[in-house]
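**Student:** The structure's right below; bear with me while I get my questions together.
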């Protein structure tokens, strides 16, 4: 029997089908009138730093979330007043800025704009505390908030020293770590943040001030043009190709009871096709390798998966309390915000995940998996397709039709 793999880039055998049903509900509900939104006390937006994209999301959240819900943005530099004006609840809109990596970083900047009610800011601060975070309260809006304004000064000077040939970025990082006592240097920090975001923030500062010294560094611009965006792409100022292996080796040492077999990615491709067994697998991979796995190898292997990421926080009853899903276009900048990406992989990955749940034999789980697959493929067969399949439907148009068909099948 072939090895069973499910959601792209991280495949797992879930403890209960209920958790997978939660994934399906969250993904399929990401449309107008989403039923899960009725009980949401706070929605945290964490979309890319594109103002119009965020404004579109806030309009939508304002429609589907209950009137008492707070709408907050995780933006690292866009002030919430630019988002509050497109909602009917400006007093419930604020910034709640987490730092990278959010699981390890304690501070959260809470920015109370002129439109934000004091109770809203206090509630957000209480949520931060309940999460084990430290709220940093700003009583007025300012572009870049606190930490990024301070950090940007250090980064600009570090980039100037590098761009003018005074020192290498490695030596500048060493000087800042060893001389100033910082945990990481500015160039490594930029790699963690993502050089695309560093570029966007720098461009925003320059457009606001007109100061030529705030133009993005040529070294940043060149790397962004080559899609060398830092740790998330495996290369930025530093090369992270070996870091994944180091992290996996350390994890394997901490969990000796879990079988661990490191291999080159091409060997992993071949192994999936030639060494299939009935064992569940987790395959950590760099982004580009994960895309090859999901888009090419697994199609040859006979499984359906999509390059989609879903993060869920579940309560004791396995009901989702927090859900974050990657957009159907993934990180493709040419498709971002255009509502033209093909969502079929995301939908079919949910059906595949349900197939492989431990209690997949349960009638309700099997019916849900069948309904998702039938609705997704049936819509495409009937001509409701995105442009890559020769159709003219939008992403949301395909999802709306799939949801309609799923409801018809499950309610019928």
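The values are calculated or read from the model by the stated rules, or taken from the named source; none is laboratory data. No experiment lies behind these values; they were computed from the predicted model shown. Positions of Cβ are generated from backbone atoms using ideal geometry, with glycine treated the same way; all protein chains shown enter the neighbour counts.
**Student:** Can you tell me which residue is modelled with the highest pLDDT among those in segment 116-161 that are under 19 Å from residue 187 (Cβ atoms) and touching a strand residue (DSSP E or B) at 6+ places or on another chain (Cβ under 9 Å)?
**Tutor:** 147
**Student:** Ok, one more. Can you tell me which residue in segment 100-123 is surrounded by the most Cβ atoms within 10 Å (Cβ to Cβ), limited to those that are under 20 Å from the mean Cα position of the chain (by Cα) and closer than 17 Å to residue 142 by Cα?
**Tutor:** In this case the residue turns out to be 108.
**Student:** Which pairs have Cβ atoms under 7 Å, sit 6 or more apart or on different chains, and link a residue in segment 110-135 that is closer than 11 Å to residue 97 by Cα to one that is at pLDDT 95 or above and assigned to a helix (DSSP H, G or I)?
**Tutor:** Every condition considered, the pairs that remain are 110/121; 110/124; 110/125; 135/125.
**Student:** Another question, then. Out of (1) touching a residue at least 40 places away in the same chain (Cβ under 8 Å); (2) within 24 Å of the chain's Cα centre (by Cα); (3) at negative phi, the odd one out for residue 221 is which?
**Tutor:** (1)
**Student:** Which is farther than 22 Å from residue 124 by Cβ, part of a helix (DSSP H, G or I), modelled with pLDDT under 90 and outside the structural domain of residue 205 (by TED's automatic domain parsing), of 8, 22, 30, 15?
**Tutor:** Selected residue: 22, the only one of 8, 22, 30, 15 that is farther than 22 Å from residue 124 by Cβ, part of a helix (DSSP H, G or I), modelled with pLDDT under 90 and outside the structural domain of residue 205 (by TED's automatic domain parsing).
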